[in-house]
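J.: Structure provided below as structure tokens; questions to follow.
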Amino acid sequence: KSRTKGSQAVVSTQSTGGEPIREIAAEVGLEVDEPGTAVIDHMNYDVADTGNHVLIVAGDFTSTEVIVGASPSPVLFHGVGMAADSENPLVIDILRASDTAYSHSPDQDILEYPLAIGSSLLLVAGMQARNNARVVVFGSHDMLSDKLYNAQAQTVASTTSQEAGNRGFVSAVADWALKRNGDLRFSAIKHNKVGEEPSDAAYRITDDVEYSIIIEEMRSGKWAPFQAKDVQVEFVRIDPFVRLFLVPDSAGNFKVSFKVPDVYGVFQFKVDYDRTGYTHLFSTTQVSVRPFRHTEYERFIPSAYPYYASAFSMMGGVIVFSFLFLYHKDTKPAAKTE
């Protein structure tokens with residue numbers, strides 16, 4: 001069990017796997033093919049397989065480095081295939097078969113459409129639940145064995161061989177499943193006006209504020225500063241008014257500065273980081289934003305100059321009208337004479 005919510009499990013099966021393993025896989029959105037079937041690939045099988053071409057060389061890994069490691073080598077696989085539930089968005093395709101592979105019984109004619117073919121056929125799959133629990137299902141016992149750990153991999157179309165990447169691949173996937181990699185945590189959340197110390201006082205509209213949070217990741221079983229350029233913070237009042245990328249330093253301290261919007265109310269600093277391979281990171285900090293007090297407004301507001309001009313023009317008009325009304329005298333018309 002992990003420090004965070006949820007437990008972890010690593011499961012492997014084979015063509016002769018029992019019903020309990022299939023039920024576990026079904027619970028996490030995976031369908032394991034029928035007993036007696038195997039993944040067959042007539043184009044990418046290993047040269048050591050001179051029979052039904054069920055010992056295949058696979059190298060279509062997920063692009064998430066935190067799960068499979070950096071640049072994993074092709075692995076040898078001999079086992080059963082799986083298909084993911086299309087309605088389960090939590091399933092991760094860790095290792096897929098090649099485009100020419102299919103799942104079927106090696107000793108029987110193909111009379112029905114296989115469970116899956118090509119890249120939709122999964123060899124290793126995982127699932128991270130919404131409570132950050134992780135499950136990984138390997139479709140082969142053999143790929144976890146010392147025999148394939150120490151074997152050489154060479155496809156029938158290749159003229160050179162290389163060491164199979166089973167050892168490094170399985171170790172990386174198991175570390176991820178057991179949360180020795182890819183587990184995130186945060187601490188030391190701070191927010192304050194620029195140039196001031198953190199406090200619980202309410203911010204004023206248009207204040208310049210800065211926000212910081214320390215994020216760490218579990219890396220090879222040890223906590224280390226998290227480095228990513230896609231972590232965002234939102235300043236939210238029902239809807240986000242500000243959304244900005246946080247800038248990390250070498251110690252994993254993510255910072256950003258921005259101007260508080262010209263809207264007052266109750267806001268939240270919100271960090272919601274959800275990426276494939278990492279545990280869900282979610283943090284909210286509530287703050288208040290107040291309007292200007294009556295003593296904090298500028299003496300003359302530039303945007304109000306037209307209103308100032310209209311007021312003074314009205315005053316000037318009243319003065320001119322009063323002067324003319326009080327001091328203007330009409331001349332009497334001259335009297336008529338006979």
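The values are calculated or read from the model by the stated rules, or taken from the named source; none is laboratory data. Worth saying up front: this structure is predicted, and the values here are computed from it rather than measured. All Cβ positions, even for glycine, are placed from backbone atoms using ideal geometry, and neighbour counts span all protein chains on display. Heavy atoms of the whole protein, side chains included, go into the accessibility calculation; ligands, DNA and RNA do not. Shrake-Rupley method; radii C 1.70, N 1.55, O 1.52, S 1.80 Å.
J.: Can you tell me how many residues within region 65-91 are outside any loop (DSSP other than H, G, I, E, B), over 15 Å from S140 (Cβ atoms) and open to solvent by less than 40 Å² (accessible area, probe 1.4 Å)? Give the steps one after another, and end with the answer.
T.: Just the residues of region 65-91 that are outside any loop (DSSP other than H, G, I, E, B), to begin with: 65-68, 75-77, 82-84, 91.
Imposing the further condition that a residue be over 15 Å from S140 (Cβ atoms) reduces the set to 65-68, 83-84, 91.
Cutting the leftovers down to open to solvent by less than 40 Å² (accessible area, probe 1.4 Å) gives us 66-68, 83, 91.
Of the residues in that region, 5 qualify.
J.: If you check K190 against the conditions, is it over 15 Å from F282 (Cα atoms), among the charged types (D, E, K, R) and part of a loop (DSSP other than H, G, I, E, B)?
T.: When the stated conditions are applied, K190 does not pass them.
J.: Turning to a different aspect of this structure: For region 113-125, which positions are open to solvent by 10 Å² or more (accessible area, probe 1.4 Å), part of a loop (DSSP other than H, G, I, E, B) and of a type outside the set (F, W, Y)?
T.: Answer for region 113-125, where residues must be open to solvent by 10 Å² or more (accessible area, probe 1.4 Å), part of a loop (DSSP other than H, G, I, E, B) and of a type outside the set (F, W, Y): P114, L115.
J.: Just one of the numbered conditions (1) within 28 Å of the chain's Cα centre (by Cα); (2) over 21 Å from D274 (Cα atoms); (3) touching a residue at least 24 places away in the same chain (Cβ under 8 Å) is not true of G118; which one?
T.: For G118, the failing item is (3).
J.: So, one more: Assuming V137 fulfils every condition listed in (1) open to solvent by 40 Å² or more (accessible area, probe 1.4 Å); (2) outside any loop (DSSP other than H, G, I, E, B) apart from one, which condition is it?
T.: (1)
J.: Follow-up question, since we're still on this one. Which number in (1) among the aromatic types (F, W, Y); (2) touching a residue at least 60 places away in the same chain (Cβ under 8 Å); (3) under 19 Å from R243 (Cα atoms) marks the one condition that F292 misses?
T.: Every condition holds for F292 apart from (3).
J.: Let me ask something else about it. Mind telling me which of the residues D183, D142 ends up being of a type in the set (D, E), open to solvent by less than 20 Å² (accessible area, probe 1.4 Å) and in contact (Cβ under 8 Å) with a residue 40 or more places away in the chain?
T.: Result: D183 is the single residue among D183, D142 that is of a type in the set (D, E), open to solvent by less than 20 Å² (accessible area, probe 1.4 Å) and in contact (Cβ under 8 Å) with a residue 40 or more places away in the chain.
J.: For region 288-311, indicate whether the set of residues that are surrounded by 15 or more Cβ atoms within 10 Å (Cβ to Cβ), assigned to a strand (DSSP E or B) and under 22 Å from the mean Cα position of the chain (by Cα) is non-empty.
T.: No.
Yes or no, residue by residue, for (1) surrounded by fewer than 16 Cβ atoms within 10 Å (Cβ to Cβ); (2) within 30 Å of G182 (Cα to Cα); (3) at pLDDT 85 or above:
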residue	(1), (2), (3)
V11	no, yes, yes
G18	yes, no, no
V28	no, yes, yes
D46	no, no, yes
S63	yes, yes, yes
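J.: What number of residues within region 158-190 satisfy the criterion of being closer than 30 Å to N44 by Cα and not hydroxyl-bearing (S, T, Y)?
T.: 15
J.: Restricting the first residue to region 234-250 and requiring it to be in contact (Cβ under 8 Å) with a residue 24 or more places away in the chain, which pairs with a second residue that is open to solvent by 80 Å² or more (accessible area, probe 1.4 Å) and in a loop (DSSP other than H, G, I, E, B) meet a Cβ separation below 8 Å and a spacing of at least six or different chains?
T.: P248/Q227; P248/K229
J.: Among the listed residues D274, D330, D262, identify the single one that is over 30 Å from K179 (Cα atoms), open to solvent by 50 Å² or more (accessible area, probe 1.4 Å), within 42 Å of the chain's Cα centre (by Cα) and not β-branched (V, I, T).
T.: Numbers: D274 fails: over 30 Å from K179 (Cα atoms); D330 fails: within 42 Å of the chain's Cα centre (by Cα).
Unique residue meeting the criteria: D262.
J.: Working carefully through the options I110, I94, I24, find the one that is β-branched (V, I, T), open to solvent by 70 Å² or more (accessible area, probe 1.4 Å) and under 31 Å from the mean Cα position of the chain (by Cα).
T.: I24
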